[in-house]
Each structure stands twice: as structure tokens, then as C-alpha cells.
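A.B. asks: Sharing a structure below in C-alpha cells format, with a few things to ask.
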Amino acid sequence: MAGASSSVATKREIGKATRDAFGRTLEALGADYPDLVVVDADVSNSTRTEWFGKKFPDRFFNIGIAESNLVGIAGGLASSGKMSLVSSFAAFITCNAYDQLRMSVAYPHLNVKIVGSHAGISIGEDGASQMGIEDVSLACSLPGFVVIVPADEESAKAATKAMLDHKGPVYLRVGRPDVPKVYAAGPAPFAIGKANQLRDGSSVTLIANGLMVAPCLDAAEALAGEGINARVLDMHTVKPIDRDALRKAAVETGAIVVAEEHLAHGGLGSVVAMNVAELKPVPIRYVNLGDQFGESGSPDALIEKFGMTAAKVAAAAREAIAAK
Amino acid sequence: MAESLEELRARAQSVRRDIVRMTTEAGSGHPSSSLSAVEFMTAIYFGGFLRYDVKNPHWPDRDRFILSKGHAAPVLYAVLGQAGFFPHDQIMTLRKLGSPLEGHPNMTRLAGVEASTGSLGQGLSLGVGHALAARVDKKDFHTYVMTGDGELGEGQVWEAAASAAKYKLDNLTVIVDRNHFQQTGASEDVLDMDPIDGKFAAFGWHTQALQGNDMEEVLIALKRARAVKGQPTCILSLTRKGQGILKLLTKLKDENYHGKPLAPKDLDEALAEIG
């Protein structure tokens, strides 16, 4: 298991959005990856690939509002030996271009990087049509894809580099709002497929990714006051899942909570449940978006309404422990 | 070494024989969809238009050919086999378990196949990607894409057409195999996309229309396409589905004959008609 607890932020501060960290890292690393070509479907000022585009205009193409063509072009570039990266809103690039992801990227197993921004309900006021809440499920259903959901600014930086260093198709999910820092300043521990243990505990394991990692740390702190020692895992890679970390969580803590800003079906919760059921069945409880669309509202109001909070995680932990 | 007109005509007949033999052996497949495309495929691979090296199939400077109408895989396998990308007799393993000659092309299993296709409408975007890669790398390779006519119902084709025009991709040629039929009937009846060349022209493409089963016309069209500057080229290839065995298909009372092989009892008659 990678990750030392010394890298965890000691106090809860708001950091940059994961899309910003991704965009700045892409811009900074562009010179180190001369084969990288970035293609946009006219949302680069939202997904933050515009920073790369301004610095490397000969390796940046805006092909218009056409996600199917976007992903197809990425497949062609990769077939010709480039490393292509395409980004759009998570909802559009996974839903609109799904058959292109399947046929023009996954089936030939090409070196294409897919970045879906504006994930989850935390985008706020724009509402349900813009909220990618099924993207992780869809990406996990593409054979050979690596699927990554970073928790915060430092994690997103490290994930971006790991994505570029991985040979093969990767889906990276990033979010719109500024989010609490999980990791201290400096390079965050990050290895594809290896969960980061942020806090050890023996009563229950809180497993999360993306926006839900920070609330799990806060929930663990609150539970400690009740005498419950919660382990916290940042499961930034949904596929391939860290089965070793899951087995240890089940064996050593006997109860699990999975928290994610995603629909119940097919996300991290489903993947954890599938593996834990096989490795060592223990009670599992879930904090997620259930089976419903989002709506308009401020990010904070939506996070509260949809239960993406430390209080919900703590309540789920108590339930899971009671079911042991 | 480019073959002569007479050699190309003879090779086209040989490609046709391969198509009907391999699909009948397989017991399934799309021979009629393959037969319409024979002249262009033969001319591209053997007429001196496509730069390739069978010993180095991933040569970065090679020209690319993408069969967007992936169900016509038999014609692709016939020309690749005759070109020497794999032992020619391997065509008789078409669609069998373990054979890299799958029902639709799989680029990860067979040298010379540039794209995994079969879900229609995706090949032209791939071609745009290759053409942009050439531009980024300042290479002079050319990319050919062949689509069907029914395939033009897919909206992605037109997304790709618009983007190719935006970047003035004169290193990209699409050949529309206008064989007038698709799965359930005549293309005009299912979804009339005429004027096809007019649509591509409206998107900013250079266009040509010609009789695509006439080898002499095909050679002229391919030469012209390479001379176009500042625009991608669309060649509207007017063909007959099942070209080469039309008399037999008439006798079988099925001029579309979509997605099925000839019965073993009809094979000799087909080969005799091809000549």
C-alpha cells in the first residue's frame, strides 16, 4: 500500500479545483512529453486544456462541438504514434462518445487519455444536464481502461503525471469547484492501482475517492471521539482496484463504507462490493448519489442535499459497524 | 512498383475470387459489400498510390488506408494477403476461432490493418487523426478512408468532414463506395443522402464522381486526388454491390445479397462469372 500518513494535510484548507491542477500540470509537463497532442471540443477554458493550448499551439486542436469526432480523432492520432489527450465535460465525453471510446480507443487499446471534467453534482447551478454522475461506471466498462478519480489539488497533479506515464487508455475524472486539501503541499503519493492509506484504524474502513475523501477524514476524526477507530483509504484508482488494500480492510477492520460523488450503480461502491464479496465478505454501507439526477443550486447546497458530507459518512460507519 | 492497367484488371479479378472463396469457406460474411470496392482497393494497394512496407507494417512514413465500412473486411484481407502482409492462404481462415482475420478488422491482431472498424461512421475521424498527426510531425504520408454509402447516415461522418475542411487536410482522401444498397434495402429508400458529393463540397471538400468499377477511371481519380492542395478530397465511387457476380445474384433473385456468403453449390458459377 503506497502512501504515508505524513503526506496528509494537517488542517482542512480549501485548495484548487482538480481541473485546475490537471490543467496546470498538463501545461507544465507539455515540454517533457513531445509526442503529446491535445484535442478539444470547444470547452478548453472549462476543462483547462487551454493553458496547454496557448503554450503549445502546434499540438493543440479545437475541432468544434463534436465529442464523437473528438474521440475518433484521438484514436487516429494515437494510431499514428502520438499520445493524444482529449477532454470535455465528463457527461459529454463518456455519454455522447461512448461508442467511439469503445471502438476507436478501447478495442485497439490505444494510448489515448480521456479527461472528464465537471464531474458530480458539485458543479452547482448549471444543473443535471452538465453533471457527469455515471462516467466512472461507463469508463470502467471499457476493457483495458485505467480509471482515476483524484481527491484534491496535489493528488490531481500526481494523477495527471501518472496518466501521461501510463501506456494505454486512461480515464481521469476531475471536478469544477475548489475543494478541500487532503494532501499536504508537495508531491502527493500516487501509484496507479495502489490505494493511499490516509489514516489507520481497526473498527471500520472508509473508502472514498474524489470529493469524498476529505469528508471521510473529517468523519474519522468525529468517530474517534466516540471511540471508533476508522481507517481511511483514498481509492483514487477505481480500475484496476487495489484488491490487497480491500482484503486488508475487510480482514482487519470488518466493516466498510464506500463514499463517492457518483450514482450507486457501477461506481467505486459497486467495484468494492464485487471484490469484497469475493475476498472476505463484511458489512458494507454506501454514501453516493443513489439512482437520481442532480439539479440546480449552489455547490454547497447540493453537497448538503445529496448527502456528500462527513455526517453521512459517519452515520454509515456506525451502521456498518452495528451490522458486524 | 505500380502495376499496369492490364495487370490491375487481372488482379482485381483475383481479389474477387479470393472474396467469394473465403466467405463461402467461412460460411458467413459480406461478399457483395466487398465486391463493389475491389477496383479502388486494388488500385490503392497495387497501383502505386499507397506507400507501405510489408516487412515493416508500422513504418512511421507509410501511407494509411482505413476501411471504415469494416464489414467489407474480405476485400481488405484479399489485398493485404496478395500484398504479402501475411501468407496468402491464411485468407481461408476467415472468421474462424484463432484466426487474426476476424469478421470485422482488428488492427491489434493483423499486420496491415490500420483501424479496428465495424461500428459504422468512425473511420473518417480516425483518418482526420492520422492526417493531423502527419501535420504535427511534418510528415508527407497520405491517409485514405473508404466508407459505404449507407454509412453516411452516421452523424459522426459529417463531424469529421467539417473538421477535415477546417484544417485543410489535403493529405486525406475519402472514397465513398456508393454501391446503392445497405442492409435492408436501397440506400435511397432507407435514407437518401444524395447528393453525396454535393454535401462534401458544401463542407469545403474537393469532390469527384466516377464509375468506381472501371479501373481506368479509378486510376485517374486517385491521381487527381493527390494533386489537390488546400482541401481534403472526396471521391464518390459509383459502384454495383456484388460487382463481378451480378448475373448470379440476378439468378438468385437478390441483387443486394447483404451479409451472406454464396452457397458452396453456387461457388463454381461465381468463379466462372468472375473469370
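The values are calculated or read from the model by the stated rules, or taken from the named source; none is laboratory data. Source: prediction; values computed, not measured. Neighbour counts are summed over all protein chains in view; Cβ atoms, including those assigned to glycine, are modelled from backbone coordinates with ideal geometry.
A.B. asks: Out of all the residues in the range A:108-128, which are outside any loop (DSSP other than H, G, I, E, B) and over 29 Å from residue B:124 (Cα atoms)?
C.D. replies: Residues satisfying the conditions are A:119, A:121, A:122, A:123, A:128.
A.B. asks: Let me ask something else about it. Might you check whether a residue that is surrounded by fewer than 18 Cβ atoms within 10 Å (Cβ to Cβ) and either touching a residue at least 12 places away in the same chain (Cβ under 8 Å) or touching a Gly at 6+ places or on another chain (Cβ under 8 Å) (or both) occurs anywhere in the range B:212-222?
C.D. replies: Yes: one or more hits.
A.B. asks: Something else now. Is it the case that residue B:148 is under 17 Å from residue B:176 (Cβ atoms) and either surrounded by 24 or more Cβ atoms within 10 Å (Cβ to Cβ) or of a type in the set (Lys, Arg) (or both)?
C.D. replies: yes
A.B. asks: Look at the range B:98-144 and say how many of its residues are without any contact (Cβ under 8 Å) to a residue 24 or more places away in the chain and aliphatic (A, V, I, L, M).
C.D. replies: 3
A.B. asks: What tally of residues in the range B:151-160 results from selecting those that are surrounded by fewer than 24 Cβ atoms within 10 Å (Cβ to Cβ) and either within 13 Å of another protein chain (Cβ to nearest Cβ) or on the phi > 0 side of the Ramachandran plot (or both)?
C.D. replies: Qualifying residue count for the region: 3.
A.B. asks: Which one is surrounded by the most Cβ atoms within 10 Å (Cβ to Cβ) among residues in the range A:5-47 that are over 15 Å from residue A:152 (Cβ atoms) and β-branched (Val, Ile, Thr)?
C.D. replies: A:39
A.B. asks: Among (1) in contact with a Phe, Trp or Tyr (Cβ under 8 Å, 6 or more places away or on another chain); (2) farther than 16 Å from residue A:8 by Cα, where does residue A:151 come up short?
C.D. replies: Every listed condition holds for residue A:151 apart from (2).
A.B. asks: Would you kindly identify the strands (runs of 3 or more DSSP E) lying entirely within the range A:1-107 that contain at least 1 residues that are touching a residue at least 40 places away in the same chain (Cβ under 8 Å), under 23 Å from the mean Cα position of the chain (by Cα) and within 13 Å of another protein chain (Cβ to nearest Cβ)?
C.D. replies: In the range A:1-107, the matching strands (runs of 3 or more DSSP E) lie at A:36-40, A:83-89.
A.B. asks: Out of the residues in the range B:121-140 that are aliphatic (A, V, I, L, M) and touching a Lys or Arg at 6+ places or on another chain (Cβ under 7 Å), state the one that is nearest to the other protein chains (Cβ to nearest Cβ).
C.D. replies: B:133
A.B. asks: Residues in the range B:176-185: is at least one surrounded by 15 or more Cβ atoms within 10 Å (Cβ to Cβ) and of a type in the set (Val, Ile, Thr)?
C.D. replies: Checking the range B:176-185: at least one residue is surrounded by 15 or more Cβ atoms within 10 Å (Cβ to Cβ) and of a type in the set (Val, Ile, Thr).
A.B. asks: In addition: Can you pull out the residues in the range A:204-226 that are assigned to a helix (DSSP H, G or I) and either in the same structural domain as residue A:118 (by TED's automatic domain parsing) or β-branched (Val, Ile, Thr) (or both)?
C.D. replies: A:213
A.B. asks: State yes or no: is residue A:291 of a type in the set (D, E, K, R) and either assigned to a helix (DSSP H, G or I) or touching a residue at least 40 places away in the same chain (Cβ under 8 Å) (or both)?
C.D. replies: no
A.B. asks: Pick out the one residue from A:66, A:91 that is in contact with a strand residue (DSSP E or B) (Cβ under 6 Å, 6 or more places away or on another chain) and not polar (S, T, N, Q).
C.D. replies: Result: A:91 is the single residue among A:66, A:91 that is in contact with a strand residue (DSSP E or B) (Cβ under 6 Å, 6 or more places away or on another chain) and not polar (S, T, N, Q).
A.B. asks: Tell me yes or no: at least one residue of the range B:249-260 is over 20 Å from residue B:39 (Cβ atoms) and outside any loop (DSSP other than H, G, I, E, B).
C.D. replies: Within the range B:249-260 (the criterion being over 20 Å from residue B:39 (Cβ atoms) and outside any loop (DSSP other than H, G, I, E, B)), the answer is yes, since at least one residue qualifies.
A.B. asks: To continue, here is another question. Can you tell me which of (1) under 25 Å from residue B:5 (Cβ atoms); (2) surrounded by 15 or more Cβ atoms within 10 Å (Cβ to Cβ) is the one residue B:262 doesn't meet?
C.D. replies: (1)
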